[in-house]
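Data block below; observations after.
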Amino acid sequence: MQFQKVLAVFAHPDDGEFGFGGTVAKWADEGSEIHYACITDGSAGSNDPGATREGLRPIRKREQLAAAKVLGVQECHFLGFVDGELELTMDLRRAMTRVVRSVRPDVILGPDPSRMWSGSRTYINHRDHRVAGEAVLTVVMPDAPSRPQFPELLDEGLEPFEVPALWLSSEEGDTLVDISSSIDRKLEALGSHESQVGEFGGDWQDWVRKMAKERGAPAGMEYAESFRTFNLREDDEGDD
Ligand SMILES: [Zn+2]
C-alpha cells in the first residue's frame, strides 16, 4: 500500500471519478482508507429549464455517495458550497482546513489549479475546478500546518497538520497510475451520476477509456491516470 490514508478533494460530484476514480478504486483495493471532500453541492449541474438548485442538491449528493461506494471510498465530506460560485474565501479555507486536520491524510489528491483549458483546446476548464485546486494548495500551505490560522479550529481539538504528499490530477503529470484493474469501476462510478450522464454525451464511456488509454500508452499501460506529484516531507529543506 502506497498511502494509508487518502483525502481526495474536488469541486463537483463526479469530478473525483473523472480525475482519479481509477486510482481511488485501486488504492482502496490495496487497503488505503479513502476520504472524499466534495466542495460544492452540484446544484448547477443541469441546464434543464425545469431544474432547480434545491431539487438538484439531494440528487447529486445521493449520486456521489453511490459512486463513492462503487470505488470503495470510506467517507464523503460534503462541504456544501454553491456550485458555480466557488471563490477562495476564508470560509472555504476554514472548511478545507477542518477536513484536512481531522482526516490527517498521507496524501491529498486534487485538481491542478493551473489548468485553464484542455491540452487539445476543446474546452475551457470550469472555474470551480481551478478554485478547488487553489484551495488544495492553500490548505497545504499555510492553513493546515500553521497554528495561528483559524484558532477556532484549535477549540474544536483540531491541531495543525503537515500534509506529507500532494498529487494533482494533470495532463502533464510526472507520475502515472496503472488503472487497468479498476477502469471498469471508474466507469461504473461515473454511471452512478445518473443526472449527469446525459450531459457527458452518448459516447462518454468511449472517451473516458480513450483518455485513459492515451495517458497509459507511453508507459506501456493499458489504462492510466496522470498526476503531478509533490513529496513535501523530503529532508532537503530547499532554497525557498
Ligand atoms: Zn466539475
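Just so you know, all these numbers are worked out from the coordinates, no wet-lab data involved. All figures in this text were calculated on a predicted structure; none of them were measured in a lab. Neighbour counts run over all protein chains shown; Cβ positions are idealised from the backbone, glycine included.
Here are the numbers for the structure shown:
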{"read-out": "Qualifying residue in region 26-43 (condition: in contact with a Ser or Thr (Cβ under 6 Å, 6 or more places away or on another chain) and within 13 Å of the ligand (Cβ to nearest atom))", "value": "no"}
{"read-out": "First in region 107-126 and on the phi > 0 side of the Ramachandran plot, second anywhere and part of a loop (DSSP other than H, G, I, E, B), Cβ under 7 Å, 6 or more apart", "value": "none"}
{"read-out": "Qualifying residue in region 2-11 (condition: of a type outside the set (A, V, I, L, M) and within 14 Å of the ligand (Cβ to nearest atom))", "value": "yes"}
{"read-out": "Qualifying positions in region 19-34 - surrounded by fewer than 24 Cβ atoms within 10 Å (Cβ to Cβ) and of a type outside the set (Gly, Ala, Ser)", "value": "Asp29, Glu30, Glu33"}
{"read-out": "Failed criterion for Lys69 (all others in (1) basic (Lys, Arg); (2) within 15 Å of the ligand (Cβ to nearest atom); (3) over 16 Å from Gln196 (Cα atoms) hold)", "value": "(2)"}
{"read-out": "Qualifying residue in region 5-18 (condition: more than 15 Å from the chain's Cα centre (by Cα), surrounded by fewer than 24 Cβ atoms within 10 Å (Cβ to Cβ) and more than 18 Å from Leu187 (Cα to Cα))", "value": "no"}
{"read-out": "Region 123-174, residues that are within 16 Å of the ligand (Cβ to nearest atom) and β-branched (Val, Ile, Thr)", "value": "Ile124, Val131, Val136"}
{"read-out": "Selection count, region 83-119, where residues are more than 30 Å from Arg147 (Cβ to Cβ), surrounded by fewer than 16 Cβ atoms within 10 Å (Cβ to Cβ) and touching a Ser or Thr at 6+ places or on another chain (Cβ under 9 Å)", "value": "1"}
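Yes/no per residue for (1) closer than 16 Å to Gly16 by Cβ; (2) touching a residue at least 60 places away in the same chain (Cβ under 8 Å); (3) among the polar types (S, T, N, Q):
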{"position": "Phe150", "(1), (2), (3)": "no, no, no"}
{"position": "Glu162", "(1), (2), (3)": "no, yes, no"}
{"position": "Ser180", "(1), (2), (3)": "no, no, yes"}
{"position": "Asp203", "(1), (2), (3)": "no, no, no"}
{"position": "Trp207", "(1), (2), (3)": "no, no, no"}
{"position": "Tyr223", "(1), (2), (3)": "no, yes, no"}
